[in-house]
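Student: What follows is a single structure, and I will ask about it in a moment.
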Amino acid sequence: MALLQNKLAVTLILLQIAFVVLFALVVRYDDDANAAREKNSRDHSKGGADPHNNSITRYYAMFQDVHVMIFIGFGFLMTFLKRYGFSSVSYNLLLSAVAIQWAVLVGGFVHSPGGSIKVGITTLLTADFAAAAVLISFGAVLGKTSALQLVIMTVIEVVAFQLNEFLGTNVFGAVDVGGSMFVHVFGAYFGLTVATILSRDGTEKAAGKEGSVYHSDLFSVVGTLFLWVFWPSFNAALAPGDDQHRAVINTYFSLAACVVTTVAMSVMLNKNSKLDMVHIQNATLAGGVAVGTAADMMIQPWGALVVGSLAGVLSVVGFNYVTPWLSSKLKVHDTCGVNNLHGMPGIMAAIVGMFAALMASESQYGYSLYQIFPARSPVVNSTALFAVQKHLSVDPGVGRTAVLQAGFQLTTLCCTLLVAVVSGIVTGKLMQLSLWDEPKDHQLFDDSDYWLLPDEGFPEGKMVN
Amino acid sequence: MALLQNKLAVTLILLQIAFVVLFALVVRYDDDANAAREKNSRDHSKGGADPHNNSITRYYAMFQDVHVMIFIGFGFLMTFLKRYGFSSVSYNLLLSAVAIQWAVLVGGFVHSPGGSIKVGITTLLTADFAAAAVLISFGAVLGKTSALQLVIMTVIEVVAFQLNEFLGTNVFGAVDVGGSMFVHVFGAYFGLTVATILSRDGTEKAAGKEGSVYHSDLFSVVGTLFLWVFWPSFNAALAPGDDQHRAVINTYFSLAACVVTTVAMSVMLNKNSKLDMVHIQNATLAGGVAVGTAADMMIQPWGALVVGSLAGVLSVVGFNYVTPWLSSKLKVHDTCGVNNLHGMPGIMAAIVGMFAALMASESQYGYSLYQIFPARSPVVNSTALFAVQKHLSVDPGVGRTAVLQAGFQLTTLCCTLLVAVVSGIVTGKLMQLSLWDEPKDHQLFDDSDYWLLPDEGFPEGKMVN
Amino acid sequence: MALLQNKLAVTLILLQIAFVVLFALVVRYDDDANAAREKNSRDHSKGGADPHNNSITRYYAMFQDVHVMIFIGFGFLMTFLKRYGFSSVSYNLLLSAVAIQWAVLVGGFVHSPGGSIKVGITTLLTADFAAAAVLISFGAVLGKTSALQLVIMTVIEVVAFQLNEFLGTNVFGAVDVGGSMFVHVFGAYFGLTVATILSRDGTEKAAGKEGSVYHSDLFSVVGTLFLWVFWPSFNAALAPGDDQHRAVINTYFSLAACVVTTVAMSVMLNKNSKLDMVHIQNATLAGGVAVGTAADMMIQPWGALVVGSLAGVLSVVGFNYVTPWLSSKLKVHDTCGVNNLHGMPGIMAAIVGMFAALMASESQYGYSLYQIFPARSPVVNSTALFAVQKHLSVDPGVGRTAVLQAGFQLTTLCCTLLVAVVSGIVTGKLMQLSLWDEPKDHQLFDDSDYWLLPDEGFPEGKMVN
């Protein structure tokens, strides 16, 4: 029967039915979106909720920026392949659509086990972040898997992502406002691990198809630029007040510096002093990743410039030396170079964050130190806590020192790497099952067998399959 | 004389002069944009208007999202044709530019006959909605009309659109926060009616030009994704507080579910299990349409998932079965498949809205029931009204029951279909006049006779005209 | 040594180091972004700053719109050249990244010499405006310079831009909310002057490469449409309350009218009544420029329509008659036609602004007259000033009359033209130094020698170099 033959369709339909059932069981509107909430039914002047304070007002603009990054930024960034553009942009959409529904459920289970899951605008935003991790991993295996394999990967990765983020935030008390560890490091090394497990000789034989054409490179830059422009929102969306303001400023400057050093390194490392479009498409964004963990900290604008400058250098060096080395020595084939855009700059972000945490003191942050680093807040019922709470409402913490906080930041990086690699191995092994229709060699980096294509075929060059 | 020969130029110039004259006579800034208003000239602390409460602050971000949808979303969505990209994106811009000016005037006349028309940010937003209806109709006739015919269509359609929306809202008391009936159903069936009137045999002969090439399909996806990402703003822009929040959540989930089922149906209905780019470009958006009417209602996230899931199925089925049937049996040629993206999902939205209205009660909505369904508000001077007004400022209504409200929702759908078809017939007949330079057969789906083209001609394939 | 051979890389690295050092010396977070500020460390209810009033909340959405315009709008607008798309979009990114860092420093030195420079969201916004001026100039010389020459140009132009803006605003007391004089006129005539200095015969011989192909024209329209859609934010971002609201309305209508007359003029001036994509890409935007200076003034919506209508006519006439004339008679080769999009419409904006200033009176503006035209505010300690300040907090001015204000508006236009031409001459002469690797004739409008290109080469047509 055709229906049973079509494993992808059946899987997606069952998955969607499962989402509907689980949502019906446990997912409800949060207070700010619930008409039945009594305060939403009253004028503000009569004790009702102030519509200006509805969280939709506060978060919506930055949420939409992030939404553009996920669906357009990542989606077009991956269209550089000359024969795989349809798959790139469409699987990006499909995986994100799966990830955001699943992330709401898994995130809810992890953070409020047992109870109902309340969704509001911040739920949508954090679901988008989970999708980002999946898309980064997708970049590592781009062109080398079936859609079905990717759906399997998405379902598992979202769970591992949520658990790791819970570990880092709630157990280790680490902070990572831009998700450089939780999203970028995790997504990159999970994806690279999967790519390693799935590696095979066919990849190299298909190398002729792995390239770009002139206009596919320009489509990719559409993705780059939307990521570049909205990255300040990615790093700042969840921060409040002046923290958010600082995260925007730091990200803006880090990205600007990163562009300058990326161009410099690109021509410097090419023996004919030619620019490489791959660097423009990817390395220019490393500044956004590298400043992510410390984005809301008092690193000052010059600090942001230093971080961005170094990130550009690191990323171009990665593309020119690390990627070929990984590919030839370790058989890690990284289609989009996620190690250079998300992996190494993410590790750098974690280290920058660790040092910034180490140097954070009340003299520099005032009482907001305890908002930015909640674990540093004094313990419950302590005089120190009351002294703070006289000025600023903060939750009790564990009274951590700066050194301890820095230590936990580093621990979280290590934990993230560990969880990414271990869950990546498990996922990769699962994805290898013949059940999931892994592409044959001639299907690598090629839409032909998966899409109805226009009669004219691919642009420029009727390469024989 | 060259000037008189050029009917398009003359028409546009006369039209623009008419707009200037009419604007000079009746259009003025509304209070929030009028420097002369006394409250705008005072500090807030001295009794002046609070700049944070200026409507520009409240509506601007979502307005801009909608603006992107109209000019970039719709514009690029239609660039899939390999030889008609210049016309698609440019006529989209031209028709919108005409529509928004004209919609301000017509909308003003309809809603405040006689008085001056006050424009503010919500006027711009609703003018954009009117343009959306025109662009949907444009999709049905894409490639088959002259620019002049399209301008005539725009001028008439905006009037019919405004009258129908007035009927539905002010006479029938229907609600349709995302405009699924007023914008999508109206635009689709108006356009399909016009396409039917204009249908002729030449269309089929030009079929070789109606296709896409690989990169024109990617340009089209740029449009798709901007529509997809910003659709929550389209459905939520005019709703207040928690209603807006809910509209965002419902649309976000409906669209995500729709992507999953679209991909599933696309591979399932193709005999080689191949994906069809047309579905990705269009059917993935049906979830935004189908949840539009009920977007601000208490359908719960799982309800939104159900709506979106079914919309994806409906839309793909439409593309694969309904469109060919309409074309072969009824001679309705629907270039962009607007019946599948806007028509049927719009009807579905109306029905979902009807059921949601049927089930709406004070226990579920609190007093905001009377904000969301104004006609259900108790009659003027009634005890029931005072009881509500003690908590929430609502206008008196007609004390409608849920059943009646549902009935009026259905009535409005029927009325919309009727007005769309009747005004579409009149418009189509008018557009057939030889006066408007209807394209000849060889000019269908082809920029060649209308544009200065680059020397290299169209990408891939120098098809003989 | 390779390093020394590569002047571009060395220059960029030195420049970036200089930025880091200068930022470290003088640039700090402003109050709204500074955790150490005591008010940011207190709850609003306990005398702390209200996070809703943090300037990030007020400016961020419009800032992001402008950011998209700079990096995506300008970037893609210039990709129309068939063999120069990589350079166009990448140099756009590089020059902007240099300009925004440098503009923060120069702007700070000019406006607060000696003290530290405080950066907040408005700093980022005005840095983006400075980048816009550079990108406009870039359009005039597009394809005819090396990256190194462009970096030199950027560094000098930002200084001249800031000085001219300081002169106009702080010395002449001119107002220009949308930067039509300070950004557009300055950028255009600076760039045209540089283009004139650099003009040579080779440009014409390379004419075969200067054209577009079908899809490069569509990439360019991506840029056009993002500029078009977000232009209201460009003109309104820095205005408060109802002024901002008015700037949005005026720009929206001016742009809509401009599209209509652009299309009309495009077909009217072509002997075969064909549309020209160059006009759609550029002239449709002239309405945004032409209304820029008066955008926040009480010109009424019909006034905005008149301005936009005329701007479209002016711009198309410019492309069809002025550009060829400038090229053949004055040897001014203007690759993107910046004279038609930014130059002449900018001068028109200045004149419209002058007349609007001439007609501005307290009866039309209330006390906000003194907010919009600060120099018209009564002198310090005058009874007139106290009378105003009883209602609205305004700074003392110099009690200028409307006629005087109009005169200073005109003076500022003249000053801008003068500074642009003089600094353009100096810059052009400097750029001619052989040191900066001016491209050879065969390198004009061609990425080949500067980029690693895909094997397939340029789309459509393997033109011999």
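The values are calculated or read from the model by the stated rules, or taken from the named source; none is laboratory data. Everything numeric here is computed off the predicted structure, so don't read it as measured data. We place every Cβ from the backbone using ideal geometry, glycine too, and count neighbours over all the protein chains shown. Areas reflect the complete protein model, heavy atoms only, side chains present, ligands, DNA and RNA absent. Shrake-Rupley method; radii C 1.70, N 1.55, O 1.52, S 1.80 Å.
Student: Quick check on this structure: which one of A:368, A:363, A:393 is in a helix (DSSP H, G or I), facing another protein chain (nearest Cβ under 9 Å) and open to solvent by 60 Å² or more (accessible area, probe 1.4 Å)?
Tutor: A:363
Student: When you scan segment C:1-33, how many residues do you find that are open to solvent by 50 Å² or more (accessible area, probe 1.4 Å) and either modelled with pLDDT under 95 or in a loop (DSSP other than H, G, I, E, B) (or both)?
Tutor: 6
Student: Select from segment A:38-72 the residues that are among the charged types (D, E, K, R) and more than 7 Å from chain B (Cβ to nearest Cβ) and write down the one among them that is least open to solvent (accessible area, probe 1.4 Å).
Tutor: It comes out as A:65.
Student: Taking the options B:61, B:36, name whichever one is at pLDDT below 95 and either closer than 28 Å to residue B:135 by Cα or part of a loop (DSSP other than H, G, I, E, B) (or both).
Tutor: Unique residue meeting the criteria: B:36.
Student: Based on this model, can you work out whether residue A:452 counts as more than 14 Å from chain C (Cβ to nearest Cβ), without any contact (Cβ under 8 Å) to a residue 12 or more places away in the chain and touching a Ser or Thr at 6+ places or on another chain (Cβ under 8 Å)?
Tutor: In short, no.
Student: Here's another thing I want to ask about it. Please enumerate the residues belonging to segment C:201-213 that are open to solvent by 30 Å² or more (accessible area, probe 1.4 Å) and either in contact with a Cys (Cβ under 9 Å, 6 or more places away or on another chain) or farther than 19 Å from residue C:438 by Cβ (or both).
Tutor: C:208
Student: Next up: On the given criteria, is residue A:96 part of a helix (DSSP H, G or I), on the phi < 0 side of the Ramachandran plot and more than 14 Å from the chain's Cα centre (by Cα)?
Tutor: No, not satisfied.
Student: Taking residue A:198 as the residue in question, decide whether it is of a type in the set (A, V, I, L, M), on the phi < 0 side of the Ramachandran plot and within 14 Å of another protein chain (Cβ to nearest Cβ).
Tutor: So residue A:198 does not fit the description; no.
Student: Looking at A:406, A:356, A:387, which is the one that is touching a helix residue (DSSP H, G or I) at 6+ places or on another chain (Cβ under 7 Å) and either surrounded by fewer than 23 Cβ atoms within 10 Å (Cβ to Cβ) or not hydroxyl-bearing (Ser, Thr, Tyr) (or both)?
Tutor: So the residue among A:406, A:356, A:387 that is touching a helix residue (DSSP H, G or I) at 6+ places or on another chain (Cβ under 7 Å) and either surrounded by fewer than 23 Cβ atoms within 10 Å (Cβ to Cβ) or not hydroxyl-bearing (Ser, Thr, Tyr) (or both) is A:406.
Student: Can you pull out every residue in segment A:373-384 that is part of a helix (DSSP H, G or I) and buried (at least 22 other Cβ atoms within 10 Å of the Cβ)?
Tutor: A:376
Student: What's the number of the condition residue C:160 fails, among (1) surrounded by fewer than 24 Cβ atoms within 10 Å (Cβ to Cβ); (2) within 14 Å of chain B (Cβ to nearest Cβ); (3) within 20 Å of the chain's Cα centre (by Cα); (4) not polar (S, T, N, Q)?
Tutor: Exception for residue C:160: condition (2).
Student: Report every pair of residues separated by at least 6 positions or lying on different chains whose Cβ atoms are under 6 Å apart, first residue within segment A:220-246 and closer than 14 Å to residue A:287 by Cβ and more than 7 Å from chain C (Cβ to nearest Cβ), second open to solvent by less than 10 Å² (accessible area, probe 1.4 Å) and outside any helix (DSSP H, G or I).
Tutor: A:235/A:178; A:235/A:292; A:235/A:295
Student: Would you say residue C:272 is within 13 Å of chain B (Cβ to nearest Cβ), in a helix (DSSP H, G or I) and open to solvent by 20 Å² or more (accessible area, probe 1.4 Å)?
Tutor: no
Student: Checking residue A:399 against (1) touching a residue at least 12 places away in the same chain (Cβ under 8 Å); (2) surrounded by fewer than 22 Cβ atoms within 10 Å (Cβ to Cβ); (3) closer than 29 Å to residue A:196 by Cα: exactly one of these is not met. Which one?
Tutor: Tallying (1) touching a residue at least 12 places away in the same chain (Cβ under 8 Å); (2) surrounded by fewer than 22 Cβ atoms within 10 Å (Cβ to Cβ); (3) closer than 29 Å to residue A:196 by Cα, residue A:399 fails exactly one: (3).
Student: Would you confirm, using the coordinates I've provided, whether residue A:110 is touching a Phe, Trp or Tyr at 6+ places or on another chain (Cβ under 8 Å), more than 30 Å from residue A:437 (Cβ to Cβ) and either more than 9 Å from every other protein chain (Cβ to nearest Cβ) or aromatic (Phe, Trp, Tyr) (or both)?
Tutor: Spelling it out, residue A:110 is indeed touching a Phe, Trp or Tyr at 6+ places or on another chain (Cβ under 8 Å), more than 30 Å from residue A:437 (Cβ to Cβ) and either more than 9 Å from every other protein chain (Cβ to nearest Cβ) or aromatic (Phe, Trp, Tyr) (or both).
Student: Which condition number in (1) under 18 Å from residue C:8 (Cα atoms); (2) more than 14 Å from chain A (Cβ to nearest Cβ) is the one that residue C:412 fails?
Tutor: Every listed condition holds for residue C:412 apart from (1).
Student: Let me ask you something else. Got at least one residue in segment B:130-151 being open to solvent by 30 Å² or more (accessible area, probe 1.4 Å), touching a Ser or Thr at 6+ places or on another chain (Cβ under 7 Å) and modelled with pLDDT of 95 or more?
Tutor: No, segment B:130-151 contains no residue that is open to solvent by 30 Å² or more (accessible area, probe 1.4 Å), touching a Ser or Thr at 6+ places or on another chain (Cβ under 7 Å) and modelled with pLDDT of 95 or more.
Student: Given C:198, C:192, which one is surrounded by fewer than 24 Cβ atoms within 10 Å (Cβ to Cβ) and in contact (Cβ under 8 Å) with a residue 24 or more places away in the chain?
Tutor: Checking each option against the conditions leaves just C:198.
Student: Looking only at segment C:329-348, count every residue that is assigned to a helix (DSSP H, G or I) and under 22 Å from residue C:266 (Cα atoms) and tell me the total.
Tutor: Result for segment C:329-348: 11.
Student: Could you check residue B:321 against (1) part of a loop (DSSP other than H, G, I, E, B); (2) open to solvent by 30 Å² or more (accessible area, probe 1.4 Å); (3) of a type outside the set (A, V, I, L, M) and say which number it fails?
Tutor: If we test residue B:321 against (1) part of a loop (DSSP other than H, G, I, E, B); (2) open to solvent by 30 Å² or more (accessible area, probe 1.4 Å); (3) of a type outside the set (A, V, I, L, M), just (1) comes out false.
Student: Restricting attention to segment C:291-346, which residues are of a type in the set (S, T, N, Q), under 22 Å from the mean Cα position of the chain (by Cα) and closer than 18 Å to residue C:192 by Cα?
Tutor: Hits for segment C:291-346 are C:315, C:323, C:335, C:339, C:340.
Student: Can you pull out the residues in segment A:75-90 that are open to solvent by 10 Å² or more (accessible area, probe 1.4 Å) and within 16 Å of residue A:134 (Cα to Cα)?
Tutor: A:77
Student: Could you figure out which of (1) more than 30 Å from residue B:84 (Cβ to Cβ); (2) under 14 Å from the mean Cα position of the chain (by Cα); (3) of a type outside the set (S, T, N, Q) isn't true of residue C:227?
Tutor: Unmet condition: (1).
Student: Here's something else I'd like to know. Within segment C:409-428, take every residue that is polar (S, T, N, Q) and open to solvent by 10 Å² or more (accessible area, probe 1.4 Å) and give me the one that is nearest to the chain's Cα centre (by Cα).
Tutor: Once the filter is applied, the top-ranked residue is C:423.
Student: Quick test for you: out of B:399, B:428, pick the one residue that is away from chain A (no Cβ under 14 Å) and at positive phi.
Tutor: Matching residue, one of B:399, B:428: B:399.
Student: Every residue in segment A:73-94 that is touching a residue at least 24 places away in the same chain (Cβ under 8 Å) and at the interface with chain B (Cβ under 7 Å from one of its Cβ atoms), please.
Tutor: A:75, A:79, A:85, A:86, A:94
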